[in-house]
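The values are calculated or read from the model by the stated rules, or taken from the named source; none is laboratory data. These figures come from a predicted structure and were not determined experimentally. Neighbour counts run over all protein chains shown; Cβ positions are idealised from the backbone, glycine included.
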Amino acid sequence: MNKKRNILKDPYLIIFLLFFIYPFVPYIGKYKALGSELLIWSIFALSFNLVLGYAGLPSFGHGAFYGVGTYATALTIMHFYSKDVIIPLVVAAFFGGLFTFLYGYLIKRKRGIYFALLTIAFTQILYVIGFRWDEVTGGETGITSLKIGTFLGISLKDPLYFYYFIFLLFVFALIIIRRIANSPVGKVLLALKQDEKRAQYLGFNTEKYVWYIFTVSGIFAGLAGGMYCLLHSSAFADTLHWTKSGDVVMATLLGGGLVNFYGPIVGSLIFITAREFLSAFWDNWMLLYGLSFIIIILFIPTGLLGIVEKIREKKHIDSINNGNNNSTMNGKSRPTKILTKEER
Amino acid sequence: MDLLRTENLTKKFGELVAVNNVSFSIKEKGVLSIIGPNGAGKTTFFNLLTGFYIPTSGKIYLRDEDITGIPPFDIVHKKLSRSFQIASYFPDFTIFENIQIGVLNRLGYGFSFFSDANHLTDVNEETEKYMEMLGLKDQKDMKAKFLSHGDKKILDIAMSLTLNPEILLLDEPTSGVSGTERTKVIEFISKLAKDIKVVIVEHDMDIVFSISDRIAVLTQGSILADGTVEEVRKNKDVQRAYLGEEEEEKKVGRDKDAVSG
């Protein structure tokens with residue numbers, strides 16, 4: 001009972017299992033590239049949500065660091081090293097982190113709309129560089145037909161192998177990001193999101209935390225970008241355009257990243273499936289997606305997993321009410337106590 | 001040695017002089033009340049002492065260490081802490097988490113990236129102690145936003161205690177709290193004052209006169225009077241400027257608007 005509840009509350013094992021069997025699921029399993037893309041997007045959205053959902057900072061140009069990752073991997077493969085895929089990915093993560101580290105230093109004091117605009121402006125600057133600097137980025141055509149290396153000697157040409165390689169990285173990234181989210185640092189972020197001044201008066205240098213998490217987020221965004229480059233064997237300036245950053249914001253909000261760690265995965269799932277399947281039927285699928293986004297956010301501002309949170313809160317309030325009734329009777333407050341210990 | 005001392009402390013907001021040349025010292029233990037009409041500069045004074053504002057001129061010494069210009073998050077580690085006029089806490093955290101977060105910091109887990117925040121035995125044990133002190137052990141897993149107003153005020157104060165302060169500044173700890181809850185808050189504060197120095201800004205004269213060991217009167221950014229309860233009560237300037245006629249003292253004290261007017 002206890003264990004079962006924990007698995008549902010923190011269902012990363014279920015998520016691993018589902019993605020593990022995905023290639024063998026009838027009908028959809030054959031779209032392995034789609035599965036890979038979903039995993040990549042999930043990593044990107046999870047990393048983004050450390051900044052949005054945990055620290056409460058609207059980093060609306062987060063695609064910048066994803067884009068930096070794609071170019072970092074592409075350029076590494078093209079110019080320096082193409083034998084194994086790990087090094088190009090490490091380079092991507094490094095540059096994602098370096099960019100957020102440097103830019104984060106400049107904007108760690110900014111909050112709200114200013115933070116949002118400064119991140120959007122940054123991704124637009126990178127977009128223009130990517131789009132115009134023909135000699136390095138390939139400009140409009142981007143960098144294409146990259147030769148994808150092996151992973152520890154295993155060829156990734158087979159989409160199934162490639163999918164499991166991406167899956168492995170997803171497991172690695174999710175475990176680390178989850179670990180950070182549940183760590184004291186994650187707690188401090190949630191605290192500063194609620195009341196930054198209070199957090200400072202509890203001795204936390206909040207700007208430093210903002211800077212750190214922005215950097216960590218950049219590392220994983222860069223990694224995801226690098227993976228995207230491997231998936232498509234190419235890098236385009238498109239990934240740097242601010243509308244691409246908008247996609248991850250929408251997906252994360254839709255899934256419920258503001259209140260739930262797994263919201264970004266749910267959001268990515270909806271976004272990627274909507275894009276792939278709706279677009280097959282109708283070119284203007286974005287219209288439907290946009291509409292459903294509006295409807296969901298209007299009625300459940302915290303996103304889809306916000307429903308789960310709402311139910312939890314309702315249970316919570318009920319238990320408080322019961323608790324209050326019981327406490328006058330003195331003895332009966334015990335059952336609540338045991339129950340809550342289980343939860344912890 | 002003074003616990004806390006200011007020298008010619010001044011804070012200007014443009015033309016407005018909120019705190020004017022205040023030299024003041026706070027000694028060990030007991031309750032010091034700072035009273036004065038609204039806009040007298042009491043909250044600004046607190047904000048200066050805790051590093052939220054940087055003074056226009058003057059110095060602040062904490063146990064003879066110059067702390068002028070040091071940010072709040074460093075000052076609180078020097079055992080000077082505060083609570084807020086509007087109860088300040090993390091509404092979506094449980095009561096337990098609200099306390100736990102400060103304890104995490106004191107026990108050195110502030111920058112721990114990889115440990116599981118909810119499974120640190122020493123932090124949990126320490127946090128439990130506060131739950132007991134607060135008398136909220138049975139409600140510790142309740143979200144703080146569901147607390148009563150008085151309990152929110154107490155939670156705010158308790159959060160400030162998690163860094164083991166020697167001086168605690170309380171900005172209107174009973175504002176907006178009524179009746180029995182008010183008594184509860186006052187009892188909580190007077191218990192604290194046995195171990196640490198408590199400085200409060202308070203409008204309710206009944207409370208001020210009953211719990212203070214010393215009272216300082218602030219008007220227009222300057223100290224008008226400073227002394228024991230009796231001294232301040234008898235001070236002619238204070239009576240004229242602030243308390244009104246002696247007979248009316250209590251009545252005025254109860255009516256916050258009359259005081260601030």
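Can you tell me which residue in region B:75-115 is nearest to residue A:195 (Cα to Cα), limited to those that are more than 8 Å from every other protein chain (Cβ to nearest Cβ) and surrounded by fewer than 19 Cβ atoms within 10 Å (Cβ to Cβ)?
B:86
Only one residue in A:291, A:304 is surrounded by fewer than 11 Cβ atoms within 10 Å (Cβ to Cβ), away from chain B (no Cβ under 12 Å) and modelled with pLDDT of 80 or more, so which one is that?
Residue meeting the stated conditions: A:291.
Checking the structure you have, find out if any residue of region A:231-252 is within 9 Å of chain B (Cβ to nearest Cβ) and either touching a residue at least 12 places away in the same chain (Cβ under 8 Å) or more than 16 Å from the chain's Cα centre (by Cα) (or both).
Within region A:231-252 (the criterion being within 9 Å of chain B (Cβ to nearest Cβ) and either touching a residue at least 12 places away in the same chain (Cβ under 8 Å) or more than 16 Å from the chain's Cα centre (by Cα) (or both)), the answer is no, since none of the residues qualifies.
If you go through region B:188-201 one residue at a time, do you hit one that is within 18 Å of residue B:145 (Cα to Cα), touching a helix residue (DSSP H, G or I) at 6+ places or on another chain (Cβ under 6 Å) and either modelled with pLDDT of 85 or more or assigned to a helix (DSSP H, G or I) (or both)?
No, region B:188-201 contains no residue that is within 18 Å of residue B:145 (Cα to Cα), touching a helix residue (DSSP H, G or I) at 6+ places or on another chain (Cβ under 6 Å) and either modelled with pLDDT of 85 or more or assigned to a helix (DSSP H, G or I) (or both).
Taking region A:166-180, which residues are in contact with a Phe, Trp or Tyr (Cβ under 7 Å, 6 or more places away or on another chain), more than 14 Å from chain B (Cβ to nearest Cβ) and surrounded by fewer than 22 Cβ atoms within 10 Å (Cβ to Cβ)?
A:167, A:171, listed by residue number.
How many of the residues making up region B:153-187 are in contact with a helix residue (DSSP H, G or I) (Cβ under 7 Å, 6 or more places away or on another chain), in a loop (DSSP other than H, G, I, E, B) and within 21 Å of residue B:129 (Cβ to Cβ)?
Residues meeting the conditions: 3.
Within region A:12-42, take every residue that is farther than 16 Å from residue A:157 by Cα and out of contact with any helix residue (DSSP H, G or I) (no Cβ under 7 Å at 6 or more places or on another chain) and give me the one that is surrounded by the most Cβ atoms within 10 Å (Cβ to Cβ).
Ranking the candidates gives A:28 first.
Mind checking which helices (runs of 4 or more DSSP H) fall wholly inside region A:112-187 and carry at least 3 residues that are aromatic (Phe, Trp, Tyr) and over 30 Å from residue A:204 (Cα atoms)?
Helices (runs of 4 or more DSSP H) meeting the threshold: A:159-182.
Being assigned to a loop (DSSP other than H, G, I, E, B) and either within 27 Å of residue A:191 (Cα to Cα) or touching a residue at least 40 places away in the same chain (Cβ under 8 Å) (or both) narrows it down to one residue among A:47, A:82; which is it?
Checking each option against the conditions leaves just A:82.
Residues to consider are A:200, A:194, A:124; find the one that is over 23 Å from residue A:81 (Cα atoms), crowded, with 21+ Cβ neighbours inside 10 Å and among the polar types (S, T, N, Q).
Only one candidate qualifies: A:200.
Restricting to region A:274-323, name every residue that is assigned to a helix (DSSP H, G or I), aromatic (Phe, Trp, Tyr) and out of contact with any Ser or Thr (no Cβ under 8 Å at 6 or more places or on another chain).
A:277, A:281, A:289, A:293, A:299
Being over 30 Å from residue B:156 (Cα atoms) and buried (at least 21 other Cβ atoms within 10 Å of the Cβ) is true for just one of A:150, A:137. Which residue is that?
Selected residue: A:137, the only one of A:150, A:137 that is over 30 Å from residue B:156 (Cα atoms) and buried (at least 21 other Cβ atoms within 10 Å of the Cβ).
Which one is surrounded by the fewest Cβ atoms within 10 Å (Cβ to Cβ) among residues in region A:203-244 that are assigned to a helix (DSSP H, G or I) and at pLDDT below 90?
A:243
Could you identify the single residue in A:209, A:228 that is aromatic (Phe, Trp, Tyr) and within 11 Å of chain B (Cβ to nearest Cβ)?
After ruling out the rest, the residue left standing is A:209.
What are the residues in region A:27-51 that are more than 16 Å from residue A:221 (Cβ to Cβ) and of a type outside the set (A, V, I, L, M, F, W, C), if any?
A:27, A:29, A:30, A:31, A:32, A:35, A:36 - these are the residues of region A:27-51 that are more than 16 Å from residue A:221 (Cβ to Cβ) and of a type outside the set (A, V, I, L, M, F, W, C).
Any chance region B:23-42 includes a residue that's surrounded by 19 or more Cβ atoms within 10 Å (Cβ to Cβ) and either over 17 Å from the mean Cα position of the chain (by Cα) or within 14 Å of chain A (Cβ to nearest Cβ) (or both)?
Checking region B:23-42: not a single residue is surrounded by 19 or more Cβ atoms within 10 Å (Cβ to Cβ) and either over 17 Å from the mean Cα position of the chain (by Cα) or within 14 Å of chain A (Cβ to nearest Cβ) (or both).
Condition first: without any contact (Cβ under 8 Å) to a residue 40 or more places away in the chain, within 11 Å of chain A (Cβ to nearest Cβ) and surrounded by fewer than 16 Cβ atoms within 10 Å (Cβ to Cβ). Can you find one or more residues in region B:136-145 that meet it?
Within region B:136-145 (the criterion being without any contact (Cβ under 8 Å) to a residue 40 or more places away in the chain, within 11 Å of chain A (Cβ to nearest Cβ) and surrounded by fewer than 16 Cβ atoms within 10 Å (Cβ to Cβ)), the answer is yes, since at least one residue qualifies.
What residue, among those in region B:65-90 that are in a loop (DSSP other than H, G, I, E, B) and touching an Asp or Glu at 6+ places or on another chain (Cβ under 8 Å), is farthest from residue A:204 (Cα to Cα)?
Of everything passing the filter in region B:65-90, B:85 is farthest from residue A:204 (Cα to Cα).
So residue A:115 clears everything in (1) under 20 Å from residue A:247 (Cβ atoms); (2) touching a residue at least 60 places away in the same chain (Cβ under 8 Å); (3) buried (at least 16 other Cβ atoms within 10 Å of the Cβ) except one condition, right? Which one?
(2)
Check A:40, A:77 and return the single one that is over 22 Å from the mean Cα position of the chain (by Cα), hydrophobic (A, V, I, L, M, F, W, C) and assigned to a helix (DSSP H, G or I).
Of A:40, A:77, the one residue that is over 22 Å from the mean Cα position of the chain (by Cα), hydrophobic (A, V, I, L, M, F, W, C) and assigned to a helix (DSSP H, G or I) is A:77.
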